[in-house]
1. Under the condition of being closer than 24 Å to Trp145 by Cα and of a type outside the set (A, V, I, L, M, F, W, C), which residue from the stretch 169-189 is surrounded by the most Cβ atoms within 10 Å (Cβ to Cβ)?
2. Mind listing just one residue for me: the one in the stretch 33-54 that is over 21 Å from the mean Cα position of the chain (by Cα) and part of a helix (DSSP H, G or I) and, of those, surrounded by the most Cβ atoms within 10 Å (Cβ to Cβ)?
3. Looking only at residues that are in contact (Cβ under 8 Å) with a residue 24 or more places away in the chain and more than 23 Å from Arg50 (Cα to Cα) in the stretch 10-24, which one is surrounded by the most Cβ atoms within 10 Å (Cβ to Cβ)?
4. Going through the stretch 76-89 one residue at a time, which ones are under 16 Å from Phe44 (Cα atoms) and either free of Cβ contacts under 8 Å to residues at least 40 places away in the same chain or not in a helix (DSSP H, G or I) (or both)?
5. From the list Gly9, Gly30, Gly5, pick out the single residue that is of a type outside the set (S, T, N, Q) and part of a loop (DSSP other than H, G, I, E, B).
6. Which one of these does Phe184 not meet: (1) hydrophobic (A, V, I, L, M, F, W, C); (2) farther than 17 Å from Leu129 by Cβ; (3) in contact with a Cys (Cβ under 8 Å, 6 or more places away or on another chain)?
7. Does Glu59 satisfy being among the acidic types (Asp, Glu) and surrounded by fewer than 19 Cβ atoms within 10 Å (Cβ to Cβ)?
8. Looking at Asp96, Asp106, which one is in contact with a helix residue (DSSP H, G or I) (Cβ under 9 Å, 6 or more places away or on another chain), of a type outside the set (Gly, Ala, Ser), assigned to a loop (DSSP other than H, G, I, E, B) and within 19 Å of Leu176 (Cα to Cα)?
Amino acid sequence: MGFVGIQTGFRSVGRRYSLRKTWMPSDWQGLQRLEEATGLAFRFIIGKTRDKSKMSELERELAEYDDILLLDIEEEYSKLPHKTLAFFKAAYALYDSEFYVKADDDIYLRPDRLSLLLAKDRTHSQTYLGCMKKGPVFTDPKLKWYEPLSNLLGKEYFLHAYGPIYALSADVVASLVALRNNSFRMFSNEDVTIGAWMLAMNVNT
């Protein structure tokens, strides 16, 4: 039914261990049982680094838990929109799912509730699910959420799904996969970037 990619980074080892101690199984058999019970597959999503020590640590973690999808992209916070696009393209190539879900590694997820949400009947095949929000566009370069392209947006962001978790239907992801990477405008915030693409594609929320 769905593939859930949990965005993580090299500084988030503790978060991954916390998730494995709570809602996410810490062994392959447990992951398989969860997938059979909910119809959802779960993997941590991370890019690469030139730091050989960090890569070695990640490879050991991957060998132990086998729950990480490694993207062929440099892991960098400022490039989250690029990482998110790479995630959707990789997940679509590897997993035949009805929905592809992006989640952060600092949320407590209820797989059973997510499964029920994704299983609902819908009249449109192109679907964008999440907690929709608006907010001010930050124009001060000193602020964390500064938007360099604020002149294109006005004073307030358009309606878009809040970043910690959202889902795209397979038809939407297929459309993203079909486009060249340089076809996409990248804003500084990943959730805003995805929301902009959904507006351009006239996707249903």
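Values in this text are rule-based calculations from the coordinates and carry no lab data. Note that the structure is predicted; figures quoted are calculated from it, not measured. A quick note on method: Cβ atoms are made from the backbone with ideal geometry, for glycine too, and the neighbour counts reach across all protein chains shown.
1. Across the stretch 169-189, the extreme among qualifying residues is Asn189.
2. Lys54
3. Leu19
4. Glu76, Ala86
5. After applying the criteria, what remains is Gly9.
6. Checking Phe184 against (1) hydrophobic (A, V, I, L, M, F, W, C); (2) farther than 17 Å from Leu129 by Cβ; (3) in contact with a Cys (Cβ under 8 Å, 6 or more places away or on another chain), the one that fails is (3).
7. yes
8. Going through Asp96, Asp106 in turn, just one is in contact with a helix residue (DSSP H, G or I) (Cβ under 9 Å, 6 or more places away or on another chain), of a type outside the set (Gly, Ala, Ser), assigned to a loop (DSSP other than H, G, I, E, B) and within 19 Å of Leu176 (Cα to Cα): Asp96.
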